[in-house]
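Step one of this worksheet: look at the structure below.
The values are calculated or read from the model by the stated rules, or taken from the named source; none is laboratory data. All of these numbers come straight from a predicted model, not from anything done at the bench. Cβ placement follows ideal geometry from the backbone for every residue including glycine, while neighbour counts extend to all protein chains displayed. The accessibility values were calculated without ligands, DNA or RNA, using every heavy atom of the protein model including side chains. Shrake-Rupley method; radii C 1.70, N 1.55, O 1.52, S 1.80 Å.
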Amino acid sequence: AVYSRILEIIGNSEEAQQQAFSAVKIEPAPLLQPEYGETDAGAQTAAAGANDFAFRLTSELVSETGEKNFVCSPYSVWMPLAALTNATDEEHKPELLEALGASGITEEDLNRAASRMLYQLTQESMKKTAEEYGEPFHDPMKIANALFVSNSTTAKREFAQIFADYYRGEVMSVDFESPLAVDAVNAWAREHTEGLIDNVVQEFSPLTVAAIANAIYFSDRWNWEFDEAQTTEDVFYAPDGELTAHYMLREGDELSYYEDDKIQAMPLNFKTDACMYVLLPKDGDAAGLLQELDSAYFDEICAGMNDRTGKLLLPRFTVAGDTFNLNQSLIKLGVPLFNEAEAPLTGGLVESDLPVWIGQAVQKAMIRVDEKGTTAAAVTVMEEPGAAAPIEPEPTEPFEMICNKPFVFVLCGDTYDGGNQVLFTGMVYQPEE
């Protein structure tokens, strides 16, 4: 069996990267640019499905991990699975589309949606404008995809071209029998997350024929930064006991705010169109909230925001998540690619008659939040072996949202087809800095 883990940050030599793999040159088509006033029903279905997938995956993972600090990037899982619809056999493809929230559309619709998402999430339009005027551009979002293929075979040409055109995916030839392959993949992960996620794999089985990977990196400043002079120490009521946290203050007359009988919620906007939603469960059960939160309720929260007078106290925090083995959660969501007996990726991913399926899928993610802004990163690797409630009326008095007990966060990018596209989800049970 193929085994891998995502570990803490450790440097690797560039020499290892060069020796272990070589890039396959494929010229990608331009990403698809959504046009103002245009409607793409397939892309809208895919975008909504990606958010539905995000909350379903989060719920499954939280049910496995329990009550502790948690962060994941469902989008980093959704994207390589979306790409793999193009390599999945016809018998299993409808199951995969359904698991991704994309029932009723084709893999071509999904490809188009992914390309349109990437165009907006990575700020392609602003990049082009900056280049035209010769101005520097701060890129807050970096998303990379790669397919590492055993040098004993080659990637299926049709899949490789689709992967490049719609997912900006690189294809690289790797000697999985060499220990340098581990260093090479880890170097790729480090490069695409500014060094925050590294040592993605410990080892590869020599029977591995391919590994598909996604890396996502986000770093941006708040549109309205917290005043560090107003940050104060106070108690945080963690499940394991009281501890001291540093609380950032935001108060004013026009704060966007939502409240119902279960939660208080506020969005914190970044310089770009991205946003982080802070959700404070009134009963303190952050894990329960994340397990129950779905795309319909999240849309209700976002649509129900009103400008209010009040204040937010939010602790600075860093969550460096554990390594997640995604296999069982994805199987529960209906992803059919782990079926070794039926090997649904055979013939669609690489030029080989060997049975191909996903043997292992893992992710590690992190997020850091302070007065200036937020940095978050995640890497997902999937290895393919080859061988055998009602809402209460809005209160009119000023609100206080004091996040001194476990709370939930949802970090979103903005897209034309999906609005708030969920990138990271998580909860803070005890703030660490």
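Here are the numbers:
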read-out	value
Local net charge near P239, Cβ-Cβ under 12 Å (Lys/Arg +1, Asp/Glu -1)	-2
Stretch gain in nm, segment T65-Q328, where the contour uses 0.36 nm per residue and the Cα spacing is subtracted	93.4 nm
Computed [θ] at 222 nm, deg cm²/dmol, the chain (DSSP H ≥ 4; -39,500 (n - 2.57); rounded to nearest 500)	-8500 deg cm²/dmol
Inter-site label distance for E433 and E251 at 7 Å from Cα along Cβ, in nm	2.1 nm
Contour minus Cα-Cα distance for Y36 and A130 (0.36 nm per residue)	31.8 nm
Size of segment 54-183 as Cα extents on the principal axes (Å, biggest first)	49, 43, 38
Percent accessible area from carbon and sulfur atoms, the chain, protein chains only, probe 1.4 Å	46 percent
Amide N proximity, segment 165-186 versus D139 label position 7 Å along Cα-to-Cβ, cut-off under 17 Å	165-171
Flagged links, alpha-carbon separation over 31 Å, of K332/K372; K156/K271; K127/K262; K372/K405; K127/K311; K127/K332	K332/K372; K156/K271; K127/K262; K127/K311; K127/K332
Other-chain or far-sequence residues with amide H under 5 Å of A365's (modelled H)	G321
Cβ-based net charge around V369, under 13 Å, with every Lys or Arg adding one and every Asp or Glu removing one	-1
Net lengthening on full extension, E203/D307 (0.36 nm per residue, minus Cα-Cα)	32.3 nm
Per residue accessible area in Å² of the chain, where ligands, DNA and RNA are left out and the probe is 1.4 Å	40 Å²
Distant-in-sequence amide H partners of G169 (H built 1.01 Å from N, under 5 Å)	A164
Top positive-direction residue, dipole computed over segment 117-263 with Cβ charges, set N223, H138, A210	A210
Correct choice for semi-axes √(5λ) of the Cα gyration tensor in Å that was computed from the model, options [x] 47, 24, 20; [y] 40, 32, 18; [z] 37, 23, 22	[z]
F70 long-range amide H proximity, modeled H, under 5 Å	M427, Y429
